[in-house]
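In what follows, a single structure is set out as structure tokens and then discussed.
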Amino acid sequence: MAVRCRNATRWHSSSVKMVAPLATCTKEEQHSVIHFLSSEGVKPIKIHGQMKVQYGDACLSLPQVCNWTRKFMISISSVMDSPRPGQAHQVVTPEAIAAVESIVKENRLVTVNERAAHLDMSYGSAHHIVHDVLQFHKVCARWVPCQLTAELKERCVDACQELLKLFEAEGDGFLGKLLQEMKPGFTTTNQEPRK
């Protein structure tokens with residue numbers, strides 16, 4: 001490692017060579033490097049160039065380096081990011097989940113936008129609660145729970161068993177009747193295709 005000194009307290013940054021690029025780093029570590037080099041009088045463009053060599057793609061952008069250099073020049077000494085005002089960090093609360101669930105159960109045709117506006121939350125938060133937390137999915141323009149309750153499962157099994165008994169009793173004629181009820185005008189006779 002070759003280091004050339006201008007005087008006892010200044011480093012000449014262009015002559016410092018690292019043996020190998022750093023594999024991992026945090027933003028705070030990079031902020032510390034910026035703090036150190038900017039206190040030595042190194043320009044942000046040179047700081048960014050040196051950091052790009054060492055940190056590669058994980059390096060902070062040049063505007064970020066300039067911003068942090070400016071912060072350190074006005075006597076901010078913390079290398080941690082300060083909390084930013086704006087959107088709350090925790091919108092998905094048990095109260096919000098319960099409110100969304102009650103709205104969906106009350107009116108299954110309500111849209112995600114309407115839910116978000118009613119509860120004063122972002123579209124993304126409302127969508128996340130419905131799809132990921134409550135696991136509701138849209139079926140035939142209605143929001144339905146992905147998982148059936150024990151009672152609904154029983155009713156489905158009973159309906160399927162009843163249909164199976166009717167099929168066993170009547171055979172293929174049952175399927176024709178079923179299709180006619182589902183699709184009026186459907187015939188079960190084999191017709192020749194038109195030419």
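Values for this structure:
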quantity	calculated
Complete set of residues in region 172-191 that are modelled with pLDDT of 75 or more, surrounded by 10 or more Cβ atoms within 10 Å (Cβ to Cβ) and not hydrophobic (A, V, I, L, M, F, W, C)	GLY173, GLY176, LYS177
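Matching residues to (1) loosely packed, with under 15 Cβ neighbours inside 10 Å; (2) part of a loop (DSSP other than H, G, I, E, B); (3) at pLDDT below 85:
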position: CYS66; (1), (2), (3): no, no, no
position: ASP81; (1), (2), (3): yes, yes, yes
position: PRO85; (1), (2), (3): yes, yes, yes
position: ASN113; (1), (2), (3): yes, no, no
position: TRP143; (1), (2), (3): no, no, yes
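The values are calculated or read from the model by the stated rules, or taken from the named source; none is laboratory data. If you're wondering where the values come from, they're calculated on a predicted model, not measured in any experiment. Positions of Cβ are generated from backbone atoms using ideal geometry, with glycine treated the same way; all protein chains shown enter the neighbour counts.
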